[in-house]
1. Look through the range 19-44, keep the residues that are in contact with a strand residue (DSSP E or B) (Cβ under 9 Å, 6 or more places away or on another chain) and without any contact (Cβ under 8 Å) to a residue 24 or more places away in the chain, and return whichever of them is surrounded by the most Cβ atoms within 10 Å (Cβ to Cβ).
2. Specify the residue that is surrounded by the most Cβ atoms within 10 Å (Cβ to Cβ); the eligible residues are those in the range 3-18 that are within 16 Å of the chain's Cα centre (by Cα) and more than 16 Å from residue 96 (Cβ to Cβ).
3. So the check is Cβ under 6 Å with 6+ separation or different chains; which pairs have a first residue in the range 78-90 that's in contact (Cβ under 8 Å) with a residue 24 or more places away in the chain and at negative phi and a second one that's surrounded by 17 or more Cβ atoms within 10 Å (Cβ to Cβ) and in a helix (DSSP H, G or I)?
4. Would you please name the residue that is farthest from the chain's Cα centre (by Cα), looking only at residues in the range 122-165 that are closer than 16 Å to residue 62 by Cα and part of a loop (DSSP other than H, G, I, E, B)?
5. Just to be sure I understand, how many residues within the range 68-97 are closer than 20 Å to residue 13 by Cβ and surrounded by fewer than 18 Cβ atoms within 10 Å (Cβ to Cβ)?
6. Among the residues that make up the range 98-109, is at least one of them part of a strand (DSSP E or B) and surrounded by fewer than 18 Cβ atoms within 10 Å (Cβ to Cβ)?
7. Determine if the range 54-67 includes at least one residue that is modelled with pLDDT of 95 or more, in contact with a strand residue (DSSP E or B) (Cβ under 6 Å, 6 or more places away or on another chain) and farther than 13 Å from residue 146 by Cα.
8. Among (1) surrounded by 18 or more Cβ atoms within 10 Å (Cβ to Cβ); (2) closer than 17 Å to residue 134 by Cβ, there is one condition residue 50 misses while meeting the rest; what is its number?
């Protein structure tokens with residue numbers, strides 16, 4: 001696991017190459033195996049490979065989502081807010097599980113924050129995606145995980161650049 005974490009970087013440029021169905025199947029399994037509070041599993045996942053929908057998802061936010069148009073796959077991570085009060089944490093865990101599983105299969109990925117972001121002056125990014133994908137009103141959208149074969153290489157962050165002062169022992 002530490003090796004995956006060492007090489008994980010946000011990838012926003014992707015090759016024009018589809019992800020094999022077997023890899024998508026593994027990503028689906030990984031998402032469903034993500035731990036949740038009290039095993040309630042409030043999350044649901046929408047796997048999108050259609051280029052037209054990917055383009056529309058890339059327009060979800062005013063800034064920071066354009067790269068979704070170039071991804072081979074976007075996973076919209078949402079949750080039934082009536083099932084759990086900690087759906088944000090559960091969806092966040094599932095989102096990173098998707099990213100790390102993708103990385104293990106040599107896929108690049110980047111998280112697109114949707115919750116608490118704007119699509120435009122009159123609609124939130126979440127409302128836009130709910131409308132676009134037919135997501136029920138009592139579901140909240142946490143993130144989009146864009147995945148694909150990387151078209152860019154980024155060096156791992158060196159150990160010497162880690163903010164070691166953020167680690168405390170016994171007390172703050």
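The values are calculated or read from the model by the stated rules, or taken from the named source; none is laboratory data. Quick caveat, the model's predicted, so the values are computed rather than measured. No Cβ is skipped: glycine too gets one built from the backbone with ideal geometry, and neighbour counts run over all protein chains shown.
1. Top of the filtered list is 28.
2. Per the stated criteria, the residue is 14.
3. Listed by first residue and then by second, the contacts come to 79/87; 79/91; 81/87.
4. 122
5. 1
6. To start, the set of residues in the range 98-109 that are part of a strand (DSSP E or B) comprises 108-109.
In the following step, the residues that additionally are surrounded by fewer than 18 Cβ atoms within 10 Å (Cβ to Cβ) were identified as none.
No, the range 98-109 has no match at all.
7. No; the residues of the range 54-67 include none that is modelled with pLDDT of 95 or more, in contact with a strand residue (DSSP E or B) (Cβ under 6 Å, 6 or more places away or on another chain) and farther than 13 Å from residue 146 by Cα.
8. (1)
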